[in-house]
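Input: a single structure, listed below in structure tokens.
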Amino acid sequence: MSTVRASLRTSAVAVRAMVVFTLVLGLGYTLLITLVGIALPAQANGALLRDAEGQVVGSSLIGQSFADADGEALPQYFQSRPSAAGDGYDAAASSGSNLGPNNADLVAAIEERRAAIADREGVDVADVPADAVTASASGLDPHISPAYAELQVARVAAERGLSAAEVRDLVAEHTAGRDLGYIGEPRVNVVELNAALDTGN
């Protein structure tokens with residue numbers, strides 16, 4: 001009889017646990033995530049960016065390449081940092097190069113990028129910031145440093161017929177500070193910045 005009673009008690013505990021976890025994880029968690037999605041609709045829908053006609057041109061969360069079909073930088077746009085994700089900014093193949101700092105291929109690629117950027121921007125190779133020549137760990141980072149953005153201001157302003165001050169104001173509008181005031185570094189969202197240049201906002 002005690003064995004039957006013990007089995008019933010164990011079964012009752014199991015049923016109660018199942019009911020509690022169903023309510024907490026099945027209903028409570030689902031409701032919480034739904035409420036977060038309602039409170040933050042832009043983020044829940046992928047932080048999509050649209051052009052002047054309302055067409056989706058990207059997401060502020062995922063970087064893009066601003067180059068032509070031959071891989072040449074489009075001069076009217078701020079350039080993103082390099083990407084090792086697939087053929088570049090491929091969200092289905094997010095990754096870094098996994099090459100170490102002493103890898104000959106990585107060193108050669110960095111030197112090649114540094115020389116190309118210095119030539120494009122008309123500066124000394126020593127003035128090219130590190131993020132301009134190295135990919136992020138995800139390969140999808142939409143941000144560059146304020147230093148790399150400043151390096152590109154004169155070119156973009158000249159290509160778009162704007163003053164450097166106007167372009168710097170746009171850069172400042174799309175620059176985020178350190179998270180919580182002390183985590184990370186200030187950063188410029190290139191995708192948002194280029195979208196703003198195209199829409200005039």
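Only one of the numbered conditions (1) open to solvent by less than 40 Å² (accessible area, probe 1.4 Å); (2) more than 29 Å from Ala47 (Cα to Cα); (3) without any contact (Cβ under 8 Å) to a residue 24 or more places away in the chain is not met by Glu121, and that is (3).
Checked against (1) touching a Gly at 6+ places or on another chain (Cβ under 8 Å); (2) surrounded by 13 or more Cβ atoms within 10 Å (Cβ to Cβ), Asn189 passes all but condition (1). Take the stretch 122-163 and flag every residue that is in a loop (DSSP other than H, G, I, E, B), among the small types (Gly, Ala, Ser) and within 23 Å of Glu112 (Cβ to Cβ). Passing the criteria: Gly122, Ala135, Ser136, Ala137, Ser138, Gly139, Ser145. Can you report the number of residues in the stretch 124-139 which are over 24 Å from the mean Cα position of the chain (by Cα), among the small types (Gly, Ala, Ser) and surrounded by 12 or more Cβ atoms within 10 Å (Cβ to Cβ)? Qualifying residue count, the stretch 124-139: 0. Residue pairs whose Cβ atoms lie under 7 Å apart, separated by 6 or more positions or on different chains, with the first residue in the stretch 149-163 and closer than 14 Å to Ala132 by Cβ and the second of a type in the set (Phe, Trp, Tyr), are Ala149/Phe78; Gln152/Phe78. One residue is enough: does the stretch 11-32 have a residue meeting the conditions within 25 Å of the chain's Cα centre (by Cα), outside the structural domain of Leu193 (by the TED database) and modelled with pLDDT of 80 or more? No - not one qualifying residue is present in the stretch 11-32.
If you go through the stretch 31-86 and keep only what is in contact with a Phe, Trp or Tyr (Cβ under 6 Å, 6 or more places away or on another chain), touching a residue at least 60 places away in the same chain (Cβ under 8 Å) and small (Gly, Ala, Ser), you end up with just Gly63.
The values are calculated or read from the model by the stated rules, or taken from the named source; none is laboratory data. Please read these numbers as outputs of a predicted model, since none were measured by experiment. FYI the Cβ positions are ideal-geometry reconstructions off the backbone, even for glycines, and counts take in every protein chain you see. Keep in mind that these areas ignore ligands, DNA and RNA; they rest on the heavy atoms of the full protein, side chains included. Shrake-Rupley method; radii C 1.70, N 1.55, O 1.52, S 1.80 Å.
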